[in-house]
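Please read the structure below before turning to the comments.
The values are calculated or read from the model by the stated rules, or taken from the named source; none is laboratory data. From a predicted model like this one, the values you see are computed outputs, not experimental measurements. Here the Cβ positions follow ideal geometry from the backbone for every residue, glycine too, while neighbour counts run over all protein chains shown.
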There are 2 protein chains.
Amino acid sequence: MKQLGSQTWQFTTRPVILGSSAVVGPEEGEGPLASDFDFIYDSLEMGEKTWEKAERALFMKASVLALEDAGIEQDKLEFFVGGDLMNQIISSSFAARKMGVPYLGVFGACSTSMESLAIASMIVDSGGGKYALAGTASHNCTVEKQFRYPTEYGAQKPPTSQYTVTGSGCAIVGRNDGSGKGPFVVSATLGRIMDLGLKDPLNMGAAMAPAAADTILAHFRDTGLTPGHYDLIVTGDLATVGLPIAKKLLADEGVPMEETTFNDCGLLIYNLDKQKYAIAGGSGCGCSAVVTYGHILKRMRKGELKRVLIVATGALLSPLSYQQGESIPCVAHAIALESGGEEA
Amino acid sequence: MKQLGSQTWQFTTRPVILGSSAVVGPEEGEGPLASDFDFIYDSLEMGEKTWEKAERALFMKASVLALEDAGIEQDKLEFFVGGDLMNQIISSSFAARKMGVPYLGVFGACSTSMESLAIASMIVDSGGGKYALAGTASHNCTVEKQFRYPTEYGAQKPPTSQYTVTGSGCAIVGRNDGSGKGPFVVSATLGRIMDLGLKDPLNMGAAMAPAAADTILAHFRDTGLTPGHYDLIVTGDLATVGLPIAKKLLADEGVPMEETTFNDCGLLIYNLDKQKYAIAGGSGCGCSAVVTYGHILKRMRKGELKRVLIVATGALLSPLSYQQGESIPCVAHAIALESGGEEA
């Protein structure tokens, strides 16, 4: 591994995503990416007695499907790197319990998807393990209950609100065997905490946009690349409110985002014209995970995308920090993926 | 970095703990290790309006003192790896916000101390950064309120109960410059989740003991060492109930723990004969952090200890998982430290 600038890790062996999975709930299954998901639950309950057990079931399903996709037996897996939005990341810990391998719990709110992928890739790249799982999950009914109101209340929401994605995405990272088969994890740019003083948990996109912009700027500063290097740059879940803010912040810094396609996982996952309940777009740590491990990786494997930068954003608040009048610290972690030569 | 067996990372460059800090509350300041702590608050309020703000103040104080001890300017720090027991690890995120460097949030309950040190050491060892901070904090009044009852209720506790340590410990990990000056981070053994079905959050020692034993067994299996290699092996916070269970589990597996001193951070931090409120001993992620970064590192620097294995244990429950009748998944992460040649 090589450090570029101060925030970027270049994975010199270019670890491979051997397999991945994207498991979602019924609402994501009605969205435009439905055909890219590996499993769609037909009810939010998923046959479980509590929303928390449903979220855990999602995560376990995604873990098992990712291993199957990679063709790795469960007892060959060496590390489980995961986290989620529940208090004390219980969904991740209970999913890891089932796997029986060393477990590193992580938390970066909705940036957990790329934080876990960065750490799993570092483990493989630096020789710490042959196979590492990176994953995360969120469920609309657990997260809304925990951070805002139980969905059963039917509380009204302002137009800046985002809709927590019910979904879990996992990736199995393994060593590069030199065969040229990707997709490869090329680099990770780890984010600093940005906090511009916003305090509204119903407007996360605006709070997280500066963190996304800061990490994108750091990525190009550290690597010497420009946006045109990538076929697609996606942010985690800035949605309709946050993405234009991030665009403006980047334009102000003279970064030529017009060279490439710049989009957001929270916008890609729903059809906002039809799925009105999603309001400003998707959020939750399952959002960037299922869009990346479902939609984007499938497009890379088909040769439709060669180089992608995924910038997962996270709002590091807790219900208690919000109630105590604190602002919302935000972070964004970026991962650069590149498809294999034979696939492009 | 080299993988030994399936669970152990050997840090081939042997990163150095350039500086560390241990900041505690008044009760820990009345205990037997008082002279090893860098700062002792004389009140649990620490001049703050809420317990959560007090925990954050502890963490910030410890971060700053660790940098001072290492002789590193704040703007030279490159990564902040931290976590805590609060929902959404807010103490860590708010402390990291102040530092302005890339932030990796982690969660392993009370094993967070060694999980963060393992990841920080991996970053430095694999060339991902020159300086990384690893740290954690807990506060008696935040943690008891969150996981059990607000301390103001004065709820009675059974004799198996442990007492959350008010404290924060941080370490600055840096590259080995070849001068022979330690202490060095030699290896990390990452734990699997162990869950034997215990459900009582007022008896964490018993729940965590199998995880501690499992990680210690993995460490010796992976490294080929025996307990006699170490001058001291300490578990995170098994306290009076858990330590004998771990001892028995290890004896049953034929691991000769009688070759070395085997103790527990939760037992070392209080004088249980005098400090009756601590009941079975200390707990909380500050416990193993302040005992390690205060007491143990100071003894290593004085040449009293040469090789130490710290096995931080964590109970990965949440109040909600407990209320839903779930058992307590537990994990333990071990780090082997060795003092520098000139100091022994």
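A single entry from A:THR151, A:THR215, A:THR164 fulfils the requirement of being under 20 Å from B:PRO102 (Cα atoms) and either among the polar types (S, T, N, Q) or assigned by TED's automatic domain parsing to the domain that holds A:PRO26 (or both): A:THR215. Close Cβ contacts (under 7 Å, 6 or more residues apart or on different chains) running from residues in segment A:191-208 that are in the same structural domain as A:PRO319 (by TED's automatic domain parsing) to residues that are modelled with pLDDT of 95 or more and of a type in the set (Asp, Glu) comprise A:GLY191/A:ASP214; A:ARG192/A:ASP214; A:MET194/A:ASP214.
Taken together, B:ALA54, B:ALA70 contain a single residue that is within 13 Å of chain A (Cβ to nearest Cβ) and farther than 18 Å from B:GLY236 by Cβ, which is B:ALA54.
Here the strands (runs of 3 or more DSSP E) wholly within segment B:1-114 that include at least 1 residues being surrounded by 20 or more Cβ atoms within 10 Å (Cβ to Cβ) are B:8-10, B:16-24, B:79-84, B:103-105. The residue that is farthest from B:GLU304 (Cα to Cα), counting only those in segment B:183-197 that are of a type in the set (Val, Ile, Thr) and more than 7 Å from chain A (Cβ to nearest Cβ), is B:THR189. Selection of segment B:280-312 for residues being more than 18 Å from the chain's Cα centre (by Cα) and either of a type in the set (Lys, Arg) or outside any loop (DSSP other than H, G, I, E, B) (or both) yields B:ARG301, B:LYS302, B:LYS306. For B:THR142, the conditions (1) under 26 Å from A:ALA312 (Cβ atoms); (2) in a helix (DSSP H, G or I) are fulfilled apart from (1). For segment B:313-344, the tally of residues that are assigned to a strand (DSSP E or B), hydrophobic (A, V, I, L, M, F, W, C) and within 13 Å of chain A (Cβ to nearest Cβ) stands at 5.
B:TYR41 passes every criterion in (1) free of Cβ contacts under 8 Å to residues at least 12 places away in the same chain; (2) more than 10 Å from every other protein chain (Cβ to nearest Cβ) apart from (1). Selection within segment A:146-184: residues that are touching a residue at least 60 places away in the same chain (Cβ under 8 Å), outside any strand (DSSP E or B) and of a type in the set (A, V, I, L, M, F, W, C). The member of this set that is farthest from A:PHE59 (Cα to Cα) is A:PHE147.
Scanning segment B:83-102 for residues that are in contact with a Leu (Cβ under 9 Å, 6 or more places away or on another chain), at pLDDT below 95 and more than 7 Å from chain A (Cβ to nearest Cβ) gives a single hit, B:MET99. Within segment A:132-177, being more than 21 Å from A:ILE296 (Cα to Cα), of a type in the set (Gly, Ala, Ser) and modelled with pLDDT of 95 or more holds for one residue alone: A:SER161.
Taking segment A:120-166 as the range and being more than 30 Å from A:ASN176 (Cβ to Cβ), basic (Lys, Arg) and within 13 Å of chain B (Cβ to nearest Cβ) as the test, only A:LYS145 passes.
Residues checked against (1) among the β-branched types (Val, Ile, Thr); (2) under 30 Å from B:LEU133 (Cα atoms); (3) crowded, with 24+ Cβ neighbours inside 10 Å:
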position	(1), (2), (3)
A:THR226	yes, no, no
A:ASP231	no, no, no
A:LYS247	no, no, no
A:PRO256	no, no, no
A:ALA280	no, no, yes
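Scanning segment A:313-332 for residues that are touching a Pro at 6+ places or on another chain (Cβ under 8 Å), modelled with pLDDT of 95 or more and not aliphatic (A, V, I, L, M) gives a single hit, A:CYS330. Among the residues of segment A:262-271, is any modelled with pLDDT of 95 or more, aliphatic (A, V, I, L, M) and closer than 22 Å to A:THR8 by Cα? Scanning segment A:262-271, I find no residue that is modelled with pLDDT of 95 or more, aliphatic (A, V, I, L, M) and closer than 22 Å to A:THR8 by Cα, so the answer is no.
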